[in-house]
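What follows is calculated from the coordinates using simple rules that are stated; it is not laboratory data. Fair warning: this is a prediction, and the values are worked out from it, not measured in the lab. All Cβ positions, even for glycine, are placed from backbone atoms using ideal geometry, and neighbour counts span all protein chains on display.
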Amino acid sequence: MSSKLKNLSDYKPQDVPNGKNVRIGIVVAEWNPDVTNSLAEGAINTLLKFGVNENSIVLKYVPGSFELPLGAQFIIEAGKVDAVICLGCVIQGETRHFDFICQGVTQGIIELNLKYDLPIIFGVLTTNNQEQALDRAGGKHGNKGDEAAVAALKMIELKKTCE
Ligand code: DLZ
């Protein structure tokens, strides 16, 4: 599970499907904005790099990571998207809040994937401190937003090949 072995922005471009006619929602949590705004920037730049049209990206914000699943559901129900990328950052604090938020957002995103038969991508950092988060939001371990965008394009393509 360690990202010491893998840079989050490392992928083989030839393995990433083109996103020309793809429409993607992105939901960003406002907590830890230095981190989550970098995640959003990474995701958007990667989608554009692989051919997604700027006008085909629906970008919305929610207060915190706990609200990501409902934010994603609002986007899905508002119109046609092929995938939604959920971006957040939960940092361990002194109380058990961390555990409940992580559990809630993880379970919520899994349920949305299965309920809507749509890729809802888990781009949420869960770290011990802000330094670890920044390292994974465009720092020395790459950008989880890039990884999430690549995962979205791959899952959209996978769905197409199964239809
Ligand atoms: C309350 C809270 C705390 C303590 N920590 C974080 C965090 O590290 N990352 C995050 O995205 N959100 C945090 N939140 C806010 C919750 O996700 C949620 O927005 C509130 O509990 C309101 O439902």
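Here is how the numbers come out for the structure above:
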read-out	value
Residues Arg96 and Gln14, FRET efficiency given R0 of 35 Å [Cβ-Cβ distance, rounded to 0.05]	0.20
Long-range amide H partners of Val22 with built H, under 5 Å	Asn53
Sorted peptide list for 12-18, 89-95, 47-53, criterion being average Cβ within 10 angstrom, highest first	47-53, 89-95, 12-18
Computed over the chain, Cα set: Rg, Dmax in Å	14.8, 47
Burial order of peptide ranges 22-35, 54-67 (average beta-carbon count within 10 Å, highest first)	22-35, 54-67
Residue-by-residue Karplus 3J(HN,Hα) for region 95-108, coefficients 6.51, -1.76, 1.60, Hz, glycine and proline x	10, 7, 3, 3, 4, 5, 5, 4, 5, x, 5, 5, 5, x
Cα-projected label distance for Glu30 with Thr161, points at 7 Å along beta-carbon direction, nm	4.1 nm
Sequence-distant residues sharing a close amide H with Ile121 (under 5 Å, placed H)	Val84, Ile85, Cys86
Cut-off under 5 Å, modelled amide H: who pairs with Val90 long-range	Leu125, Thr126, Thr127
Backbone HN-Hα couplings from phi across region 113-118 [Karplus 6.51/-1.76/1.60, Hz, Gly and Pro as x]	3, 7, 5, 9, 6, 9
Above-threshold pairs, the threshold being 24 Å between Cα atoms, out of Lys60/Lys140; Lys6/Lys159; Lys12/Lys80; Lys12/Lys160; Lys80/Lys140; Lys60/Lys160	Lys60/Lys140; Lys6/Lys159; Lys12/Lys80; Lys80/Lys140; Lys60/Lys160
Helix axis angle, 68-78 relative to the chain longest principal axis, alpha carbon, degrees	20 degrees
Compactness index (Cα Rg / 2.2 N^0.38 Å), region 80-161	1.20
